[in-house]
1. Every residue in the range 99-119 that is touching a strand residue (DSSP E or B) at 6+ places or on another chain (Cβ under 8 Å), more than 16 Å from residue 186 (Cα to Cα) and within 13 Å of the ligand (Cβ to nearest atom), please.
2. Only one of these is surrounded by 10 or more Cβ atoms within 10 Å (Cβ to Cβ) and touching a residue at least 40 places away in the same chain (Cβ under 8 Å): 237, 229. Name it.
3. Please go through the range 17-58 and pick out each residue that is under 21 Å from the mean Cα position of the chain (by Cα), within 8 Å of the ligand (Cβ to nearest atom) and within 18 Å of residue 83 (Cβ to Cβ).
4. Would you pick out the residues in the range 9-41 that are out of contact with any helix residue (DSSP H, G or I) (no Cβ under 6 Å at 6 or more places or on another chain) and outside any loop (DSSP other than H, G, I, E, B)?
5. Assess whether residue 125 counts as being within 9 Å of the ligand (Cβ to nearest atom), touching a residue at least 12 places away in the same chain (Cβ under 8 Å), farther than 17 Å from residue 36 by Cβ and surrounded by fewer than 23 Cβ atoms within 10 Å (Cβ to Cβ).
6. Does residue 131 count as within 16 Å of the ligand (Cβ to nearest atom), more than 19 Å from residue 112 (Cα to Cα), surrounded by 21 or more Cβ atoms within 10 Å (Cβ to Cβ) and outside the structural domain of residue 239 (by TED's automatic domain parsing)?
7. Please count how many residues of the range 82-98 are near the ligand (Cβ under 9 Å from one of its atoms), assigned to a helix (DSSP H, G or I) and within 21 Å of residue 30 (Cα to Cα).
8. List the number of the failed condition for residue 227; all other conditions in (1) under 30 Å from residue 106 (Cβ atoms); (2) assigned to a helix (DSSP H, G or I) hold.
Ligand code: NAP
């Protein structure tokens, strides 16, 4: 792999930020890696893990960086961009990894200077873990990375910057696709945001049930509940920000989900076995497609090495 960026700066050293640092180093896609996190304990841990050169100031971290990657929760993106702004060099590419795109385009896009190229993005890769110890270099292997370039920016240099950022993510092992930010938000509401909401809800509901004790739920969790608890273990700050910032798309998909759930409820009540069978069979086929596409584990070796 050849060097795509001489120097990158990673802002926010959690699961995604530390994985980018490790993957950029392992692949050689960046020659130098600067890091910053708002939490001093996280900065200290990043030093111990030798993730790169850790700075105590965001603007200092991005100085001389050709690429700045904002890896903080969606609700903190604008504040993180603001703190980096004084140090950003002319011609730097600024991207992010937020799980919602339109809100980041609006919030961060509005405050960045025109002498940097802002190209929002989202790696469709992750685990329920967070923090700098959770990162691993293979996280992006064979995963999609969606870029949502700003539609209004017609500059030739902007197009070149998008191409360079695509190369960087390919270097980290990802497959890259471009998408409009609002389209991204609807697609992810279906594939990620709603499933997480359901998991949070089921786990919380099981805790409140009176007919089944908590110890019974835990004891017999391998019968399905276990998988929901894994998803529901994801970082609460990150997910709070996702739902606050992708409100419209999530509410729309949730409305449709509730209607279909009501239909299922009716089918169970009236003993409509054929309707239940048809739906479960359709769902099973979808599972096969996910496995065939190689997207059935959080990472290529997940569950075997982690
Ligand atoms: P994480 O492990 O919780 O790490 C985020 C880090 O950013 C924390 O250490 C946090 O510190 C720090 N931070 C918060 N505000 C900051 C600021 N203004 N400046 C500098 N650092 C700041 O989060 P993550 O899972 O890596 O997620 C990061 C982003 O990636 C989110 O936008 C998320 O939507 C997106 N994403 C996550 C996944 C996933 O599976 N986790 C997948 C794809 C995309 P404090 O804890 O002190 O606030």
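1. Hit for the range 99-119 is 108, nothing else.
2. None of the others qualify; the one that does is 237.
3. Across the range 17-58, the qualifying residues are 17, 36, 37, 38, 39, 42.
4. Matches in the range 9-41: 16, 17, 20, 21, 24, 25, 31, 32, 40, 41.
5. no
6. no
7. Total satisfying the criteria: 1.
8. Evaluating residue 227 over (1) under 30 Å from residue 106 (Cβ atoms); (2) assigned to a helix (DSSP H, G or I) leaves (1) as the failure.
The values are calculated or read from the model by the stated rules, or taken from the named source; none is laboratory data. Since the model is a prediction, treat every value here as computed from it, not as a measurement. Glycine gets a Cβ as well: all are built from the backbone with ideal geometry, and neighbour counts include every protein chain shown.
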